[in-house]
Amino acid sequence: MNTVDIRHSQVEGGVPVLDVAGVLDAHNYEQLEQTFDSYFDRGVYTLIVEIPKLEYISSAGAGVFIGAAGKAQANDGNIVVVAPRENVQEIFDLLGICHVFPVVESREKALGIFAAAR
């Protein structure tokens, strides 16, 4: 079975960073959904999600990103996705996800988006 690995850290200023690796599909998307919800339950609505090690994302996995971005934005926050692989970026483009939340090449650019929003 495919697995997803989610690691947590923070950058200066306290913005949480999720490093998501592996495969995100219909069998395990709930792991990421629960991770987002755990931050939202604590009132944290600004998150950086780094995905250069995410090998594959299904529509169910993409739906988790869309739902999380909607909830974050409704609470004056946002999800910024960093460094998707080409095949993952293609899924985001196909589904129009890049219009829902920012997708950038580096953590520094993600932090710049949050700094500009303040």
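The values are calculated or read from the model by the stated rules, or taken from the named source; none is laboratory data. Worth saying up front: this structure is predicted, and the values here are computed from it rather than measured. A quick note on method: Cβ atoms are made from the backbone with ideal geometry, for glycine too, and the neighbour counts reach across all protein chains shown. Ligands, DNA and RNA are excluded from the accessible area calculation, which covers all protein heavy atoms including side chains. Shrake-Rupley method; radii C 1.70, N 1.55, O 1.52, S 1.80 Å.
Listed values, structure above:
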| item | result |
| --- | --- |
| Whole-Hz ³J(HN,Hα) from phi, Karplus 6.51 cos²θ - 1.76 cosθ + 1.60, for the range 13-22, glycine and proline x | x, x, 6, x, 10, 9, 9, 10, 10, x |
| Share, in percent, of DSSP beta bridges within the chain that are antiparallel, nearest 5 | 35 percent |
| Extension gain from Asp76 to Leu94, taking 0.36 nm per residue of separation minus the Cα-Cα distance | 3.8 nm |
| Loop-located GluC sites (Glu not before Pro) in the range 43-118, at most 11 other Cβ atoms within 10 Å (DSSP) | Glu105 |
| Average accessible surface area per residue within the chain, 1.4 Å rolling probe, Å² | 53 Å² |
| Stretch gain in nm, segment Ala26-Tyr56, where the contour uses 0.36 nm per residue and the Cα spacing is subtracted | 9.7 nm |
| Relative contact order %, the range 23-114, counting alpha carbon pairs below 8 Å whose residues are six or more apart | 32 percent |
| Value of D in µm² per second that Stokes-Einstein yields for the range 1-52, Kirkwood Rh from Cα pairs, at 4 °C (1.567 mPa s) | 112 µm²/s |
| Accessible surface of the range 1-87 [probe 1.4 Å, protein heavy atoms]: carbon and sulfur percent | 43 percent |
| Hydrodynamic radius by Kirkwood, which averages 1/r over all alpha carbon pairs of the chain, in angstrom | 14.0 Å |
| The range 53-106, Rg to Rh (Cα coordinates; Rh as Kirkwood inverse mean 1/r) | 0.95 |
| As computed over the range 79-118, the Cα convex hull volume per residue (Å³) | 54 Å³ |
